[in-house]
Amino acid sequence: MSRIKIKQVRSQIKCTLVQKRTLEALGLRKIGHEVEQESTSAILGMVNKVQHLVSVEEIK
């Protein structure tokens, strides 16, 4: 499986509770925080839910 790097680039202040919980489940806490995750279908679905708040790049 490939890995992806997820970085939070926007604030979660005016987001819905579901989006805040999704960021928390991904391991993101504040703007500029980065995490590495496996690119499973569950993770990609969570990233798709908050795609306006994060940036994603694939790690080789």
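The values are calculated or read from the model by the stated rules, or taken from the named source; none is laboratory data. If you're wondering where the values come from, they're calculated on a predicted model, not measured in any experiment. For neighbour counting, all protein chains shown are included, and Cβ atoms are generated from backbone atoms with ideal geometry for every residue, glycine included. Just so you know, the surface numbers come from the protein's heavy atoms only, side chains and all, with ligands and any DNA or RNA stripped out. Shrake-Rupley method; radii C 1.70, N 1.55, O 1.52, S 1.80 Å.
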Could you tell me whether any residue of segment 36-45 is within 10 Å of the chain's Cα centre (by Cα), of a type in the set (D, E, K, R) and open to solvent by 70 Å² or more (accessible area, probe 1.4 Å)?
-> yes
Tally time: how many residues in segment 13-35 are among the polar types (S, T, N, Q) and open to solvent by 50 Å² or more (accessible area, probe 1.4 Å)?
-> 1
Would you mention how many residues in segment 46-59 are within 9 Å of the chain's Cα centre (by Cα) and over 13 Å from residue 8 (Cβ atoms)?
-> 2
Only one of (1) open to solvent by less than 90 Å² (accessible area, probe 1.4 Å); (2) in a loop (DSSP other than H, G, I, E, B); (3) touching a strand residue (DSSP E or B) at 6+ places or on another chain (Cβ under 9 Å) is not met by residue 10, so which one is it?
-> (1)
Residue check for residue 37: among the polar types (S, T, N, Q) and part of a loop (DSSP other than H, G, I, E, B) = no
